[in-house]
1. I'm told residue 267 meets every condition in (1) open to solvent by 10 Å² or more (accessible area, probe 1.4 Å); (2) within 16 Å of ligand 1 (Cβ to nearest atom); (3) not hydroxyl-bearing (Ser, Thr, Tyr) except one. Can you identify the failing condition by its number?
2. Picking from 239, 224, 205, which residue would you name as being away from ligand 1 (no atom under 16 Å from the Cβ), more than 17 Å from residue 38 (Cα to Cα), aliphatic (A, V, I, L, M) and open to solvent by 60 Å² or more (accessible area, probe 1.4 Å)?
3. Restrict the check to region 341-353 and report whether at least one residue is of a type in the set (Phe, Trp, Tyr) and in contact with a Ser or Thr (Cβ under 6 Å, 6 or more places away or on another chain).
4. Does region 268-280 contain any residue that is among the charged types (D, E, K, R) and either in contact with a Phe, Trp or Tyr (Cβ under 9 Å, 6 or more places away or on another chain) or under 21 Å from residue 113 (Cβ atoms) (or both)?
5. Just to be sure, is residue 429 more than 15 Å from ligand 1 (Cβ to nearest atom), in contact with a Phe, Trp or Tyr (Cβ under 8 Å, 6 or more places away or on another chain) and under 27 Å from residue 254 (Cβ atoms)?
6. Does at least one position in region 280-301 carry a residue that is assigned by TED's automatic domain parsing to the domain that holds residue 107, within 16 Å of ligand 2 (Cβ to nearest atom) and in contact with a Lys or Arg (Cβ under 7 Å, 6 or more places away or on another chain)?
7. Yes or no: residue 342 assigned to a strand (DSSP E or B) and open to solvent by less than 10 Å² (accessible area, probe 1.4 Å)?
8. When you scan region 170-244 for helices (runs of 4 or more DSSP H) that lie fully inside it, which ones turn up with 1 or more residues that are touching a Phe, Trp or Tyr at 6+ places or on another chain (Cβ under 8 Å) and of a type in the set (D, E, K, R)?
Amino acid sequence: MEKENNKLKEELFNKKESGYKNISDDEKNKIFSFCDKYIEFMNKAKTEREAVKTVKELLDKNGYINIDEVNSLKEGNKVYYINKDKNVFACVIGKEKIENGLNIIGAHIDSPRLDLKPNPLYEDGSLAYFKTHYYGGIKKYQWTTIPLSIHGTIVKKDLEKIDIVIGEDDKDPIFTITDLLPHLAMNQMSKKMSVAIEGEDLNLLIGSMPYDNETSESVKLNILNILNKKYKIKEADFLSSEIEIVPAFKARSLGFDESMVASYGQDDKVCSYTAVQALLNIENPNKTCICILADKEEIGSVGNTGMESNAFSYFVSEILNKMNVNKPNMIDKVYMNSKMLSADVDAGYDPIYKNVSELNNAAFIGNGITLNKYTGARGKSGASDANAEYMAYIRNILESNNIKYQVSELGKIDIGGGGTIAYILANKGIDVVDCGVPVLSMHAPYEVTSKYDIYSAYRFYNEFYKK
Ligand code: MN
Ligand code: MN
């Protein structure tokens, strides 16, 4: 009897278990070698500009052409559009009529970090600093006393562009933000975590050596002199720059079993990398397939490189023009028939902080890609809620290809919440569902994912494009 009941349970229950359970050596090797490449990518692409550059190299190598350089498009053609060096769209033209809809996967390549203020450089107490303004949702205390690197672009008034990366090469110096010693931190330690370190305290220590003994602000002068010699810039050139402070740590395998990845910026470059790899693996698809790598998701998808801008519709219109099929309302028809995965990370279940998760609807590290039918907060406010019909379509792809997946919510109701780019595309009439890799320590300088989940995201994105 007990045996029979267990059989029935096996048949009826939705089983939740680690993908590593009973995994074959062959599959494990595939996962690990895919993630070796992912780790390499993460070490090259810490900022959105670097991600664009790295992805462009991959696209060029795989036969993709800048859409501005082609006059006409037909089945099988591969094109991309780079929007202001911070946002990319890539596309393979499918066999079916484009008005039957697109298969879109959209991820974002910006990550929480510290940006330099427009007037960053100052001297205080014979030390030189850069003032920063944090970008995205960070826990400020996590950004002190860790090695930091400087990445960015300075554009001089004659429009000459200077790209800067300092702190990644082992021979480079690094930078850091200091914190108070515990001996004198009695007041600080009794403050609420959210105010113990304030935004204006996130000042980057960049030097301590005076230029001479006479001049005032001599340490600042010495820094500017070094920068002038190396990059031919003056203080005013910071006014036209975008410089980002990111953790200087390398992406690494995590754990004795090397089953996980620790890296800065996995939100959302883990979905960006897997989506791009999935697209590169597609030849002559049925539907026209597009990969979106958006900027500015972390601050609300605003601006001309964020998903709220018209840049994506411009790219789709250009495709329609160059296929010679455009007509009034054509783009709306394309959107109404399109399907999309909003590929973004989800909060992984952290056993140390159990009480923020509802176990029946939590995403477990290592249990495969996770889908969020809806996001939002407090009564689904601001949510894009995928239709049951679309969820069934997605389940069908996953289950018929034996891809392990879970469907989850971002934490307990009334504790918090979040959003992605999903609603922006849903507003155009596209069927969208959020799906991605669960992450521990999301938005921290060092985020953790499971290699198993990374590979299952790649497999799923690939099968989605093939439909
Ligand atoms: Mn994200
Ligand atoms: Mn995020």
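1. Of (1) open to solvent by 10 Å² or more (accessible area, probe 1.4 Å); (2) within 16 Å of ligand 1 (Cβ to nearest atom); (3) not hydroxyl-bearing (Ser, Thr, Tyr), only one is false for residue 267: (1).
2. Details: 224 fails: open to solvent by 60 Å² or more (accessible area, probe 1.4 Å); 205 fails: open to solvent by 60 Å² or more (accessible area, probe 1.4 Å).
Checking each option against the conditions leaves just 239.
3. Residues of region 341-353 that are of a type in the set (Phe, Trp, Tyr), as a first pass: 349, 353.
Pick out the ones that are also in contact with a Ser or Thr (Cβ under 6 Å, 6 or more places away or on another chain) and you get 349.
Yes.
4. Our first condition is that a residue be among the charged types (D, E, K, R); within region 268-280, this holds for 268-269.
Imposing the further condition that a residue be either in contact with a Phe, Trp or Tyr (Cβ under 9 Å, 6 or more places away or on another chain) or under 21 Å from residue 113 (Cβ atoms) (or both) reduces the set to 268-269.
Yes, some residue in region 268-280 is among the charged types (D, E, K, R) and either in contact with a Phe, Trp or Tyr (Cβ under 9 Å, 6 or more places away or on another chain) or under 21 Å from residue 113 (Cβ atoms) (or both).
5. Working: more than 15 Å from ligand 1 (Cβ to nearest atom): yes; in contact with a Phe, Trp or Tyr (Cβ under 8 Å, 6 or more places away or on another chain): yes; under 27 Å from residue 254 (Cβ atoms): no.
So residue 429 does not fit the description; no.
6. Checked against the condition, which is being assigned by TED's automatic domain parsing to the domain that holds residue 107, within 16 Å of ligand 2 (Cβ to nearest atom) and in contact with a Lys or Arg (Cβ under 7 Å, 6 or more places away or on another chain), region 280-301 yields at least one hit.
7. Working: assigned to a strand (DSSP E or B): yes; open to solvent by less than 10 Å² (accessible area, probe 1.4 Å): yes.
Criteria met by residue 342.
8. Details: elements: 186-189, 193-196, 218-231.
It comes to 218-231.
The values are calculated or read from the model by the stated rules, or taken from the named source; none is laboratory data. This one's a predicted model, so the numbers in the text were calculated from it and none came from an experiment. Here the Cβ is made from the backbone with ideal geometry for all residues, glycine too, and neighbour counts use every protein chain on show. Ligands, DNA and RNA are excluded from the accessible area calculation, which covers all protein heavy atoms including side chains. Shrake-Rupley method; radii C 1.70, N 1.55, O 1.52, S 1.80 Å.
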